[in-house]
Structures are given as C-alpha cells and as structure tokens.
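Peer 1: Sharing a structure here in structure tokens format.
The values are calculated or read from the model by the stated rules, or taken from the named source; none is laboratory data. Because the structure is a prediction, the values reported are computed rather than measured. Positions of Cβ are generated from backbone atoms using ideal geometry, with glycine treated the same way; all protein chains shown enter the neighbour counts. We work out accessible area using only protein heavy atoms, side chains counted, and drop any ligands, DNA or RNA first. Shrake-Rupley method; radii C 1.70, N 1.55, O 1.52, S 1.80 Å.
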Amino acid sequence: MEENKGQRAKTSGAVSDLRRSWQTWAEDRVEYQRKNPFSNDDRLASKPLHAQRGDPAYGRPPEGSKTEQRGKDAHSHVEKEVEELCLIIRSTGQKGEDGHVSVTFGQLFETYVTISNKVVGILLRARKHGLVRFEGEMLWQGKDDDVVITLLE
C-alpha cells in the first residue's frame, strides 16, 4: 500500500512538471505572437506598437535570435571576401604615380572569377566601404574591361 502512495506521488510530480512545462511554453508562445507583426489573433489585443523609423530596433532582428546570428555570420563572410579581393588587387595590380595600386576590371575579373563569381558585388561593397574607387555605377564583363579599379588603402 505504501508502494502505491509512492508511485502516485512520482506520477503526480511528473504530471505537475509536465503541466508547468506546457504552461511556460504557452506563455512564451503568447508573448511571441504579441510581437509577431503577422499575427491576427484578436485575443492578443494588447499588442505593443512595432518599432518606428528612427528607433534603433527598427528593421533589426530581435537581439539574440538565430536571424541576428545569421546576419552577423553573413556580414563576417562578406568582410572576408572584400579583404580577399583587396589582396588580389594588390597582388595583380600595378602601383601608380599616386602610390595607389590599380588594376583593370578585365584583368581583375579574369583573376578573381576562379575564386568567386561575385566579383562585381564584392567590388560594390568594397567601394561602399571606401576601399576601392572606379567609374560608373555597375561593371559589366566585356563592356567595362578597361575600367580602372584603384585600391585606396
């Protein structure tokens, strides 16, 4: 008989733990749905306002989220590609009278395309960060092969 009471106490504790775990999950889900801009659940009437333009959180993933981590990883990967592109420009280009290393787009394209097919995108990113200079908004293989790309660092 005492074994039966002990067994009930264990079962009751397990059920209680399961109920607590479920309740925590449900509360977290409600909070998540409150923040979800695509949720149409009327029961969540006290939805907070979404971040507005000018707010530091506007257009940013929630802190600590997987989305934020993926963004950081992608940013780091692109930075490495920009650094690699600058190294290739330095190694294939020629130093000009102004002391900067320059290379033509055609020469850079032929060298870099074996490493990555994103040479134009990486060049645009490098220009955005003030690492290179070239004329035009976009570079096209064949048409812009003679455009000079200058390394500014």
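Peer 1: Would you please list the contacts, defined by Cβ atoms under 7 Å and residues six or more apart or on different chains, that run from a residue in region 33-44 that is open to solvent by less than 40 Å² (accessible area, probe 1.4 Å) to a residue that is at pLDDT 70 or above?
Peer 2: So the pair list comes out as 39/33; 44/30; 44/33; 44/34.
Peer 1: Condition first: more than 28 Å from residue 116 (Cβ to Cβ) and modelled with pLDDT under 85. Can you find one or more residues in region 63-86 that meet it?
Peer 2: no
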